[in-house]
Every structure is written in structure tokens, then in C-alpha cells.
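These notes concern the structure reproduced below.
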Amino acid sequence: MRGKVFLKSPKEIEILKKANAIVMEILLALKEEVRPGVCTYEFEEIALRLCEIKKVQPAFKGYRGYPYALCVSVNEEIVHGMPRKDKFLKEGDIVSFDFGVIYEGFVGDAAITVGVGKISDLAQRLIKVTEEALERAIEKARIGYKIGDISFAIQSTVEKEGFNVIRDFVGHGIGRSLHEPPEIPNYGKPGRGLRLEPGMVLAIEPMVSAGTWEVKILEDGWTAVTKDGSLAAHFEHSVAITSSGPVILSKID
Ligand code: MF3
Ligand code: CO
């Protein structure tokens, strides 16, 4: 993901806002269906149905050969979990939904992690810290800051709590393509990297492990899990850098 950063006009940012609002609407609809006993494929079906209703294309399906519209990652699965008819949620699990759509030629991308029924204190803290890391990172998504400031905000928030950031996957620019330059690592040093400019649109996505940051890919070629089997959480927002500060495109009020 090296190369030119495509800056977006205010008009393009408006379209990206619609794309991302639809993504978050669908994510929240999926969240409503989370309960023990549901198979993870059911969420794929809901997501596909909502894409049809809203007249948008799922952005992940077919992307680099990924076969589904939705990524559903449970417990030690970090990202890119594939929806399965034989995998059922149970009380105490945590589940991450990562979803994207294409609307009028622009891509929206966001992710959330939610608990299934009553979850452990550790799982609750992991979810809270990961979401907080994203909030802290978005605070740095301002003109004059650098990519390293975003990365450091995530890493420091996470490590202060004794958790670890995943290093093998990164956030990214987003626009007409799902993945555009620049890459946004979830670890780094303040003041380093590319300077942020108005018109940049960034998908910031902390992935956090309660244990090791080391990753293993399962036999299916996609599902990324923590090497030590510890729980992982993932939150993602697409954010525009503007002269009036960060605009969270995938937020609905
Ligand atoms: N949301 C993921 C990302 O930002 C995209 C999933 S990759 C796909 O990288 F292959 F599943 F599309
Ligand atoms: Co993304």
C-alpha cells in the first residue's frame, strides 16, 4: 500500500459519509441479532439482505478472493473470520463484525466487537480498551499530526492496560478502493510518518489481543487467530481529515 495518497473533495467526502453510515447501520442491525445459538453464517445472510434493500454492493465479497460479504471473528479470531453454518455463538463469547459496502463508487468500512450475553470482566475490559484506543486515535486525526501520532495513541492506550496490538494487520486509506495508501499501523512513535492533510480519509482499526500479538492463519487461508488462543477485539471507523477536525464518517448519531 505504498504510493500516492488520494485526497478527497468535500463532495467525495459526503459520498463516503453515506457509504460509511450504511455500513454502520448494518453493523448495528447485526449487533441486534447477537445471542447464544445463532450460527455465524446467519449474519452473512442478514448483511446481504440489507445490502439489497439499501441498494449497495458488499465491498469484501470477491476482494482478493474473499468469498463472503462479512467477516465474523469469534473470541481468539482477530479478523477475517469466515461466516460458517456450523459455528454457533454461545454465552460469554465475543464477536467482531467487519463490514464494507460500495455506494456510488466509494467504499465504506467499519468494524465493531460485541459480547454474547454475559461476558467475563477480561472480555469487557478488552472491548472497552480497544474502543477507547480507536477514540484516542481519532483525536489525532487532525491536520498537522502524523500517522505515527495515530499509531502511538493506539499502542499506548492498549499497552497501558496490559494488552497488545496486532502488528500483522494495519489500518488504511479508503476511497474508491477499499485499501489505499497510507498504511496505518497500530503501533508506532509520535511525530513519525506521513503528515496528515485535509481530504485524507483513513480507516483506523485497532486490533487488540488480551495475550500475544503473534498471529496464526487457519487452514481456510483467511481466519487470523492469536497464536496463544487469547481473546481479540477489533473496532474500525473511517475518518476524514478536515480543516474543522476529524469527521467520523461511519458514525451515526
Ligand atoms: N475491513 C477489512 C480491512 O479493513 C477488510 C476485510 S479484507 C476482505 O482490511 F478480504 F475480507 F475483504
Ligand atoms: Co479496514
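A short reminder: the numbers here are calculations on the coordinates, not readings from a lab. For clarity, every value in this text was computed on a predicted model and none was experimentally measured. Don't worry about glycine lacking a Cβ; one is built from the backbone with ideal geometry, like all the others, and counts go over all protein chains shown.
General remarks:
- Total formal charge among the other residues, if their Cβ is under 13 angstrom from that of Glu12, Lys/Arg +1 and Asp/Glu -1: +2
- Residues within the reach of a label modelled at Leu194 (point 7 angstrom out along Cα to beta-carbon, backbone nitrogen below 18 Å), restricted to the stretch 1-35, are 1-10, 12-13, 16.
- Theoretical FRET efficiency, 1/(1+(r/R0)^6), r = Cβ-Cβ of Phe6 and Lys61, R0 22 Å, to 0.05: 0.45
- Simple label model, 7 Å out from Cα along Cβ direction - Glu52 to Asp168, nm: 3.6
- Across the stretch 199-211, rounded Karplus estimates of 3J(HN,Hα) from the backbone phi angles (6.51 cos²θ - 1.76 cosθ + 1.60, θ = phi - 60°) give x, 6, 10, 10, 8, 9, 9, x, 10, 10, 10, 6, x Hz, Gly and Pro being marked x.
- Inter-label distance for Ser244 and Ser177, nm, one decimal - labels placed 7 Å from Cα along Cα-to-Cβ: 3.1
- Environment charge at Glu197 (Cβ cut-off 15 Å; Lys +1, Arg +1, Asp -1, Glu -1): +3
- The chain: calculated mean residue ellipticity at 222 nm from DSSP helix runs of at least 4, using -39500 (n - 2.57): -9500 deg cm²/dmol
- Taking a ≥ b ≥ c as the square roots of the eigenvalues of the Cα gyration tensor, the stretch 10-248 is oblate, since a/c reaches 1.5 or more and a/b is not larger than b/c.
- The GNM of the chain, with springs linking C-alpha atoms under 10 angstrom apart, assigns the highest mean-square fluctuation among Ala240, Ala141, Ala29 to Ala29.
- Phi to ³J(HN,Hα) by Karplus 6.51 cos²θ - 1.76 cosθ + 1.60 over the stretch 85-95, Hz, x for Gly, Pro: 6, 10, 10, 10, 6, 9, 3, x, 5, 10, 10
- FRET efficiency estimate (nearest 0.05) - Cβ-Cβ, Lys87 to Ile143, R0 51 angstrom: 0.70
- Centre-to-centre separation between the Cα atoms of the stretch 210-234 and those of the stretch 157-204: 19 Å.
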